[in-house]
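The values are calculated or read from the model by the stated rules, or taken from the named source; none is laboratory data. These numbers were taken from a predicted model, which means no experiment stands behind them. Cβ sites come from the backbone with ideal geometry, for glycine too, and all protein chains shown count toward neighbours. Remember, those area values only see protein heavy atoms, side chains included, never the ligands or the DNA or RNA. Shrake-Rupley method; radii C 1.70, N 1.55, O 1.52, S 1.80 Å.
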Amino acid sequence: MLLTQIDHVAIAVPDLEAAIAWYADTFGATVTHREVVERDGVEEALIKVGESYIQLTTGTRPDSPITKFLEKRGPGIHHVAYRVDDCAAALDAVKAQGWQVIDDVPRPGSRGTTVAFVHPKTALGTLIELVQE
Ligand code: CO
């Protein structure tokens with residue numbers, strides 16, 4: 001089994017502050033990490049739940065994939081991230097099955113992680129992120 005944990009569930013939101021307040025007011029949740037990822041045009045806030053995170057994420061510019069997602073589908077679950085010991089090995093396993101990937105090789109993610117995205121088209125309709133800490 002190449003997946004060791006659910007790393008995070010990413011939820012696309014139009015207003016990050018309002019989303020953080022919603023989780024705080026409803027569940028008493030606090031943000032443990034916040035980061036702007038300029039390359040991807042996203043800003044994210046992580047709320048720790050056990051050993052996993054809820055990742056509230058919003059677009060920082062019009063061409064951001066999150067901005068486009070929100071325009072097309074509205075707020076909601078954007079991707080599921082699985083933690084792996086070796087991102088390159090997990091990505092190779094996906095490619096060995098002939099499944100479509102977004103990142104051909106692992107790349108830097110937030111929190112100093114190494115990540116790769118698998119295309120939802122050949123992954124049961126789920127955008128999957130492989131995360132190596
Ligand atoms: Co993610």
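One residue alone among Val131, Val36 is closer than 21 Å to Ala18 by Cβ and of a type in the set (Val, Ile, Thr), and that residue is Val36. Of all residues assigned to the stretch 32-43, none qualifies as being away from the ligand (no atom under 14 Å from the Cβ), open to solvent by 50 Å² or more (accessible area, probe 1.4 Å) and farther than 24 Å from Arg107 by Cβ.
Answer with yes or no whether Gln5 is within 14 Å of the ligand (Cβ to nearest atom), assigned to a strand (DSSP E or B) and open to solvent by 40 Å² or more (accessible area, probe 1.4 Å). Judged against the criteria, Gln5 is a match. Scanning the stretch 108-133 for residues that are loosely packed, with under 14 Cβ neighbours inside 10 Å and assigned to a strand (DSSP E or B) yields one hit, Pro108.
Within the stretch 65-84, restricting attention to residues that are touching a Ser or Thr at 6+ places or on another chain (Cβ under 9 Å) and not in a strand (DSSP E or B), which residue is surrounded by the most Cβ atoms within 10 Å (Cβ to Cβ)? Residue satisfying both the conditions and the ranking: Ile66. In this structure, Leu127 does not satisfy being touching a strand residue (DSSP E or B) at 6+ places or on another chain (Cβ under 8 Å), within 14 Å of the ligand (Cβ to nearest atom) and touching a residue at least 60 places away in the same chain (Cβ under 8 Å). The single condition from (1) of a type in the set (Ser, Thr, Tyr); (2) under 21 Å from Met1 (Cβ atoms); (3) modelled with pLDDT of 95 or more that Thr113 fails is (3).
The residue pairs whose first member lies in the stretch 41-68 and is within 14 Å of Val80 (Cα to Cα), whose second member is of a type in the set (Ser, Thr, Tyr) and open to solvent by 50 Å² or more (accessible area, probe 1.4 Å), and whose beta carbons are closer than 7 Å, counting only pairs six or more residues apart or on different chains, are Leu46/Thr32.
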